[in-house]
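The values are calculated or read from the model by the stated rules, or taken from the named source; none is laboratory data. Just so it is clear, the structure is predicted and the values come from calculations on it, not from any experiment. Cβ: placed from backbone, ideal geometry, glycine included. Neighbour counts: every protein chain shown.
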Amino acid sequence: MAADKTNIVENNELPVAMIDVATSFADWLIILPTTIALMGAALLIMLRFNKAIQAGLAILIVIGIIILEIRLFLNVMEFGTQSMTMGKWLPPFGISFTVDVISIGFALAGAIVTLAVLIYAQADISSREVKYGFHSLVLLLLAGVTGAFMTGDLFNLYVWFEVMLIASFGLIIMGGRKIQLDGAIKYGFLNFLATTFFLISLGLIYGLFGTLNMADISQVSAQAPIGPLTAIGALLLLAFGMKGAAFPVNAWLPASYHTPHPAVSALFGGLLTKVGAYALLRSLLLIMPSARDFLDPVITFLAIATLILAPLGALAQTNLRRAIGFLLIGGVGSVLVGLGVPTIRGVAGASIYIFHSMLTISALYLMAGLIERIMGTQDTRKMGGLYSASSWLSILFLVLVFAVAGLPPFLGFWPKLLLIEASLSQGDVWLVVALVLNSLLTTIAGTRLWAHIFWRAGPIGENSEQQNKKLKPLTLREKYLCVTPTTILVLFIVFFGLKPAMIFDAGRMAAYGLLDKSEYVEVTGLADPTKEKVE
Amino acid sequence: MNTVIFRTIAPILVAIMVVFSVFILLRGHNEPGGGFIGGLIAASAIAIYGIAAGVEEVRKALKFDPIAIAGFGVFIAGLAGLLSYFYQVPFLTGLWAYLDIGPSKVALSTPLLFDIGVYFAVLGTIAAIALALEEDEEGK
C-alpha cells in the first residue's frame, strides 16, 4: 500500500482520479460475491462456538450471494462483460476483476451447488465439526472459487487457488479418520505441485511480458517468441491439467475424493476440478491462443486418452465414490476436446459441459452419500436391493447416470452434441470416436453401478437372489435434508436438458467472449493497443 | 526453560513486545513495518508468554479464541475495502481523513484499517498455531 499524494480526501471531497469514472452499484456486483463469501467465512469463524446459528447464517449468506450473482448474470447477458479494477489504480497496475458470461455462469452454478451441499451437510456432519469451522471453510472455498472465476489477473488467480487449497485441506480432513489423512496427503501433495508449476509459469510470464493482467497479456502474446510462449503454455497445461485431473495426472482424484464426507466430496467434485478446467480455457484460449495452436496435437491426444481411460477406470471400480471420481475425470476429457477444437461450437460445448458437470457430479456424490447411508458401506459388491427400498432414489440415480454419459434428453447431451459437431467440422474424426466411445463406456459403467446397487436384490455371492436385509431406511430428517437438495439438482439437469435454448445462448456468448478478446480487453480498460507498455 | 528468571522477566518482555508491535503497525504506512510484521511480533510475544506461564494462562489472558481474532482481522480488512462504496470509487480504494489534534495532524485512512485487519489475522493465526504446538509439548 504505497502512499499516493494525489489520492487524498480532504473535507470529504472525491480524490483526484486515477480512474475518474464514478463506480456504481452495478460495478460493485462484480466484487461483492467474493467479498461477502470471504467476510462471511471470517464472521462464522469468529462465532464458531455458537453452533446454533452457524448453519442458518451460512445458508443465508450463500442465498444472498446467489441473488447478487443472478443480478450480475442478467447484467452481463444484457450489457456484456463488466470489469472493476481495485483501488482506483489503472489496469494493469491495479488488480482487475473482469466478469464475462463464462465467469458468472460458473460462479452462479458453484454457488447453487454450495447451497445444496450446505443443506445436505446438516445431516452429514457432527456438531464437533461445526465447532471446527465446517461452515466457515465451505464459505472460504466458495470465496476462492468465485474469485478464481471472476479475476482478470493471473497472479490473483494464483492467490484464489491458494485460498481454495487452504479451505479444501481443512474440509478433506474433517472427521479425522485415518483414510482421510491418507487421501489428504495424496490430494495435498499433487495440488501443491500443481500450484507450484503455476507459480513457476507466472514467473516466466512476468519475465516475458512484464505484466500479469490477463487482458494486457492477451494483447501482446501474439507477438511473443513462440519458443518461450509454448513452454509457458505447456507448463500451464500441466498445472491446470493436474488441478482438473486430466490424463496422465489424474491419479490423485479417485485416490482422495472418496475419503471425506459425501457432502465435501460433492463440493470438491462440483467446484475444484472445474476451476482447473476453467483456468485452462481462460489461459490457453483468451490469453495465449498462439501457444494453444502449437500445443494442439498434445491437447488432442490428452483429450482422447482422458475420454477413453477414465470410464474404463470407473468400470474396474467396486468403490462407489471412486467410480464416480473416474466418471468426473471423463468429463474433463470433454472439456479438453473443446480446447482442442477452438471454434465457437467447440468452446461453447466445453463451457456448457463444465456447467453441466458442476451440477451433475455434485448431485452424483450427494446421491452416493445417500446410498452409502442406506447400505452402510462404500463397496458396491456388498450392495443390492435398493430398488425395492426406494424407487425414487433409483430414478434419480439413473437420470444422473444418463446425464453424465450424455444421453438425451438430459443436460449432458447438448454439450456433447456441440463438441461432436465442432470436431466433425474440424475433421478431427478421432475426437468424435473418443467422445462417442466415452458416452458408451460411461453408460456401461454407470448402468453397471445402477444394476449392482438397485437392481440386484442382495450383495454379491450366494444370497444375491434374496432381498438385502441390511438396509437402513432413511429417517424423516435425512429425507428432508439430503433427498431434497439432491432432487433439486437433478431437476435443474432435467429442466435445462428439456429447455436448452437459454444454455445455448449463454454458451455461445461465453465462447465469443473467450475467442474474441476485444471486448474483454476494452472493458478492462486496456483498449488502445498503441499505448506504450511500461516495464 | 521454566526458570525463575524467565518467568519473572517474561511478563515485562511480553508487554514491551506487544507495545512495540503496535508501534510497528502504525508506522508501517510510509516506513518499514506494517500489519504483517507487527502481527508476527505480537504473536511471538504470545508464544513467549505461553512458554513462561503455560498455555492455559495465555488463553485466559487473551479472552478471545486466537482463530476468532484471525477471523476478526479478515473481517475488518474486508470492511476497509467496502467503505469505498460510499464514495463511489472501486473496491479497496484508499480513503483519507485528517484529524487536527493540537499541533499535530493525524492521518486516518482505510489502508490503515486494512493493515490493522492484517495485524489481527496474522496475530490470530500464528498464535493459534504456536499455542497448539505448546499444548502438545505440555501434554507429553
Quick count over region A:147-191, residues being over 18 Å from the mean Cα position of the chain (by Cα), part of a helix (DSSP H, G or I) and not aliphatic (A, V, I, L, M), is 8
Looking at region B:28-140, what helices (runs of 4 or more DSSP H) fall wholly within it and have at least 3 residues that are within 28 Å of A:Leu29 (Cα to Cα)? B:66-82, B:110-139
Being more than 7 Å from chain A (Cβ to nearest Cβ) and within 13 Å of B:Gly28 (Cβ to Cβ) is the filter here, so list the residues in region B:86-113 that pass it. B:Ala107, B:Ser109, B:Leu112, B:Leu113
Residue list for region A:38-65, restricted to those being within 10 Å of chain B (Cβ to nearest Cβ) and closer than 30 Å to A:Ser96 by Cβ: A:Leu38, A:Met39, A:Gly40, A:Ala41, A:Ala42, A:Leu43, A:Leu44, A:Ile45
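Conditions tested, residue by residue: (1) among the aromatic types (Phe, Trp, Tyr); (2) crowded, with 20+ Cβ neighbours inside 10 Å; (3) in contact (Cβ under 8 Å) with a residue 12 or more places away in the chain; (4) in contact with a strand residue (DSSP E or B) (Cβ under 9 Å, 6 or more places away or on another chain).
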residue	(1), (2), (3), (4)
A:Thr447	no, no, yes, no
A:Gly458	no, no, yes, no
A:Ile503	no, yes, yes, no
A:Gly507	no, yes, yes, no
A:Ala510	no, yes, yes, no
A:Leu526	no, yes, yes, yes
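What residue, of B:Ala80, B:Ala70, is more than 8 Å from chain A (Cβ to nearest Cβ) and buried (at least 21 other Cβ atoms within 10 Å of the Cβ)?
On the way: B:Ala70 fails: more than 8 Å from chain A (Cβ to nearest Cβ).
Just one listed residue meets the conditions, B:Ala80.
Of all the residues that make up region A:243-257, how many are outside any helix (DSSP H, G or I) and surrounded by 24 or more Cβ atoms within 10 Å (Cβ to Cβ)? Don't jump to the end; show me each part of the working.
Narrowing region A:243-257 to residues outside any helix (DSSP H, G or I): A:245-251, A:257.
In the following step, the residues that additionally are surrounded by 24 or more Cβ atoms within 10 Å (Cβ to Cβ) were identified as A:245-246, A:250, A:257.
Total satisfying the criteria: 4.
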I'd like to check something: does region A:368-376 contain any residue that is surrounded by 23 or more Cβ atoms within 10 Å (Cβ to Cβ), out of contact with any Pro (no Cβ under 6 Å at 6 or more places or on another chain) and not aliphatic (A, V, I, L, M)? no
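Quick check on this structure: which one of A:Ile70, A:Ile104 is of a type in the set (A, V, I, L, M) and surrounded by 21 or more Cβ atoms within 10 Å (Cβ to Cβ)? Spell out how you get there, then give the answer.
Working: A:Ile70 fails: surrounded by 21 or more Cβ atoms within 10 Å (Cβ to Cβ).
The unique qualifying residue is A:Ile104.
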Would you mind telling me which numbered condition in (1) without any contact (Cβ under 8 Å) to a residue 60 or more places away in the chain; (2) surrounded by 18 or more Cβ atoms within 10 Å (Cβ to Cβ) A:Gly497 fails? (1)
I'd like the residue in region B:7-31 that is modelled with pLDDT under 90 and within 17 Å of the chain's Cα centre (by Cα) and, out of all such residues, is farthest from B:Val58 (Cα to Cα). B:His29
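Would you say B:Lys105 is under 29 Å from B:Val4 (Cα atoms) and either surrounded by fewer than 17 Cβ atoms within 10 Å (Cβ to Cβ) or of a type in the set (Ser, Thr, Tyr) (or both)? Give the steps one after another, and end with the answer.
On the way: under 29 Å from B:Val4 (Cα atoms): no; either surrounded by fewer than 17 Cβ atoms within 10 Å (Cβ to Cβ) or of a type in the set (Ser, Thr, Tyr) (or both): yes.
In short, no.
Would you mind listing the helices (runs of 4 or more DSSP H) fully within region A:300-413 where at least 2 residues are farther than 16 Å from A:Thr447 by Cα and among the β-branched types (Val, Ile, Thr)?
On the way: elements: A:320-340, A:344-375, A:386-389, A:391-405.
Per the criteria, A:320-340, A:344-375.
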